[in-house]
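Student: First, the structure itself, so that you have it in front of you.
The values are calculated or read from the model by the stated rules, or taken from the named source; none is laboratory data. Here the structure is a predicted model, which is why all the values come from computation and not from measurement. So basically every Cβ, Gly included, is an ideal-geometry build from the backbone, and we count neighbours across all protein chains shown. Keep in mind that these areas ignore ligands, DNA and RNA; they rest on the heavy atoms of the full protein, side chains included. Shrake-Rupley method; radii C 1.70, N 1.55, O 1.52, S 1.80 Å.
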Amino acid sequence: MSGTFGRFRPTLKMASNARIGLRLREQFGRGGTEVGVRRAQQLAERRELEPSDIKSMYSYFARHEVNKNTTRYRWARSRTRRPASSPGSCGAARKASNG
């Protein structure tokens, strides 16, 4: 992200990952909160982020990192034979982080 006066623009990779998450939500007809969908749209469109937005995203991913240690997450990865970084491997946090 390139900083300008305390604002940041999402990278192309972030925008791409957000579009993947939005497509998955559309495909399966579920997933993500209203706040999460708005954030994904913001990232997909590469609109500028405030430092508070980045802090909020960091906190979200930190809280949900533990989800990767669950049986369900490991089971879904083994059933799909997809690495954790591939689209569609499991869960809302997975969709959001694409990782």
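Student: Using modelled amide H (1.01 Å from N, peptide plane; none on Pro or chain starts), what sits under 5 Å from the amide H of L49, excluding residues fewer than 5 places away?
Tutor: F8, R9
Student: Right, another one. With all protein chains present and a 1.4 Å probe, how do L24, L49 order by accessible area, largest first?
Tutor: Putting L24, L49 in descending order of accessible area: L24, L49.
Student: Can you figure out the FRET efficiency of F28 with R72, using R₀ = 22 Å and their beta-carbon distance, to the nearest 0.05?
Tutor: Plugging the Cβ-Cβ distance into 1/(1 + (r/R0)^6) gives 0.85.
Student: So between K55 and Q41, what do we pick up on full extension, going 0.36 nm a residue minus the alpha carbon distance?
Tutor: Gain on extension, K55 to Q41, equals 3.3 nm.
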